[in-house]
Amino acid sequence: MLKSSRTRTNDSLQSTEYQKTKSSQLVTFPTDRSYTTIWVIFCRQLAPNRLCATQGICCAGSHLRTERDMSRHVCVIGAGAAGLTSIKSCLEEGLQPTCFERSEDIGGLWRFKDAPEPGSASIYRSLVVNTSKEMMCFSDFPMPADYPNYMMHSQILQYLRLYAQQFDLLRHITFQTSVQSVRQRPDFRYSGQWEVVTENSKGEKETHIFDGILVCSGHFTVPFLPLAQFPGHEAFPGRCLHSWEYKDAEAFRGKRVMVVGIGNSGADIAVEISRNADKSPES
Ligand SMILES: Cc1cc2nc3c(=O)[nH]c(=O)nc-3n(C[C@H](O)[C@H](O)[C@H](O)COP(=O)(O)OP(=O)(O)OC[C@H]3O[C@@H](n4cnc5c(N)ncnc54)[C@H](O)[C@@H]3O)c2cc1C
Ligand SMILES: NC(=O)c1ccc[n+]([C@@H]2O[C@H](COP(=O)([O-])OP(=O)(O)OC[C@H]3O[C@@H](n4cnc5c(N)ncnc54)[C@H](OP(=O)(O)O)[C@@H]3O)[C@@H](O)[C@H]2O)c1
């Protein structure tokens, strides 16, 4: 049985202190000229096409930038589509972004992996996007003209690589470094600053101070498989899995399969599996 239900929006960070901060929280920064406001924007729910409208940080009165504005350091968590465009927006606003990416590369869920990785979103081998290239591209960076209207996942990754190259974003990213916690500093009321603890691939922890945080750590990262809601499932001899685990139809060849849920995952997977599944009538 394939379970294609909602994937719970969650990630490793949610179990840490940063839960205490609310989505789209307005943080006030004291400056030498007046109070400048800055949005800490949680990009976790945004698809790239929507990022165009909400790119990164909104800094009130940015046309009157002061030296203090220019020295503001912003932590961007994650180098998927949301993180990349956030780095770019920081640079455009004269802020200094540092992006921490826990994996070794950019692209987030668009970098296909043969097996799902705990805490990360997952896509299947045949995934074709469901938003057109005009809708999905960043507003100032069209997709290559030779792309089809609806692209393979690998083309989105390539597009993100072109984007990072065009705007020289890679030099702001520290790879293989995971953000462990984000806390307000004790003097936050006056400084508006955050304390960020990171851990690299060697297990080394480091504490950093930032003036702003952009959480771009992704969503659809934790599968929700409520088997308890299906009384009797214990007696079912076959396999029950979530679409998060699904990579291709091979394991379902000649099998009778039930797909629960008809969202995008459910529809795609049902079509793909149906090609080789057992189609004999139920006895
Ligand atoms: C199956 C599937 C299909 C989709 N299809 C489409 C589509 O066709 N069109 C569309 O517009 N949207 C689609 N989406 C939505 C998709 O989630 C968004 O388009 C977008 O790619 C999400 O980007 P993101 O940067 O927010 O997250 P992600 O791409 O998940 O990137 C998050 C990054 O943050 C890193 N990270 C996480 N936690 C930490 C940490 N603590 N420290 C450091 N780094 C961290 C991860 O390693 C990752 O690189 C789809 C989603 C799924 C699951
Ligand atoms: N090709 C693509 O680009 C592609 C492919 C896959 C996913 N995605 C994206 O990924 C995100 C998640 O999509 P998704 O399809 O995985 O999840 P989803 O959109 O949340 O769809 C889950 C479906 O399962 C149904 N459902 C849940 N529990 C059920 C139950 N017990 N019995 C019967 N039905 C049940 C839900 O119905 P209710 O809503 O009524 O609860 C819903 O229709 C979306 O943004 C989607 O666009 C894109």
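The values are calculated or read from the model by the stated rules, or taken from the named source; none is laboratory data. None of the values given here were measured: they were computed from a predicted structure. FYI the Cβ positions are ideal-geometry reconstructions off the backbone, even for glycines, and counts take in every protein chain you see. When the accessible area is computed, the model is the full protein with side chains, heavy atoms only, and any ligands, DNA or RNA have been set aside. Shrake-Rupley method; radii C 1.70, N 1.55, O 1.52, S 1.80 Å.
Values as computed for the structure displayed
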{"item": "Members of region 110-137 that are surrounded by fewer than 12 Cβ atoms within 10 Å (Cβ to Cβ) and small (Gly, Ala, Ser)", "result": "115"}
{"item": "Qualifying residue in region 142-152 (condition: closer than 24 Å to residue 77 by Cβ and of a type in the set (A, V, I, L, M))", "result": "no"}
{"item": "Members of region 126-137 found to be in a loop (DSSP other than H, G, I, E, B) and away from ligand 2 (no atom under 12 Å from the Cβ), listed by number", "result": "137"}
{"item": "Condition check for residue 227: under 15 Å from residue 100 (Cβ atoms), in contact (Cβ under 8 Å) with a residue 12 or more places away in the chain and either hydrophobic (A, V, I, L, M, F, W, C) or loosely packed, with under 15 Cβ neighbours inside 10 Å (or both)", "result": "no"}
{"item": "Close pairs from region 120-134: first within 14 Å of residue 246 (Cα to Cα), partner within 11 Å of ligand 2 (Cβ to nearest atom) and open to solvent by less than 20 Å² (accessible area, probe 1.4 Å), Cβ under 7 Å, at least 6 apart", "result": "123/153; 124/246; 127/153"}
{"item": "Answer residue from region 171-185, given it is open to solvent by less than 40 Å² (accessible area, probe 1.4 Å) and of a type outside the set (Ser, Thr, Tyr) and is farthest from residue 217 (Cα to Cα) among those", "result": "172"}
{"item": "Condition met for residue 213 (closer than 22 Å to residue 93 by Cα, in contact with a helix residue (DSSP H, G or I) (Cβ under 9 Å, 6 or more places away or on another chain) and surrounded by fewer than 17 Cβ atoms within 10 Å (Cβ to Cβ))", "result": "no"}
{"item": "Some residue of region 71-88 being more than 14 Å from the chain's Cα centre (by Cα), modelled with pLDDT under 95 and away from ligand 1 (no atom under 15 Å from the Cβ)", "result": "yes"}
{"item": "Answer from 188, 220, 236 - the residue that is more than 13 Å from ligand 1 (Cβ to nearest atom), open to solvent by 60 Å² or more (accessible area, probe 1.4 Å) and of a type outside the set (D, E, K, R)", "result": "236"}
{"item": "Residue that is nearest to residue 123 (Cα to Cα), among those in region 241-283 that are open to solvent by 60 Å² or more (accessible area, probe 1.4 Å) and within 16 Å of ligand 1 (Cβ to nearest atom)", "result": "245"}
{"item": "For residue 143: the one exception among (1) open to solvent by less than 60 Å² (accessible area, probe 1.4 Å); (2) in contact with a Lys or Arg (Cβ under 7 Å, 6 or more places away or on another chain); (3) closer than 20 Å to residue 174 by Cα", "result": "(3)"}
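The rows are residues; the columns are (1) free of Cβ contacts under 8 Å to residues at least 60 places away in the same chain; (2) open to solvent by 60 Å² or more (accessible area, probe 1.4 Å); (3) within 16 Å of ligand 2 (Cβ to nearest atom); (4) within 23 Å of residue 210 (Cβ to Cβ).
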{"site": "87", "(1), (2), (3), (4)": "no, no, no, yes"}
{"site": "108", "(1), (2), (3), (4)": "no, no, yes, yes"}
{"site": "139", "(1), (2), (3), (4)": "no, yes, no, no"}
{"site": "147", "(1), (2), (3), (4)": "yes, no, yes, no"}
{"site": "157", "(1), (2), (3), (4)": "yes, no, yes, no"}
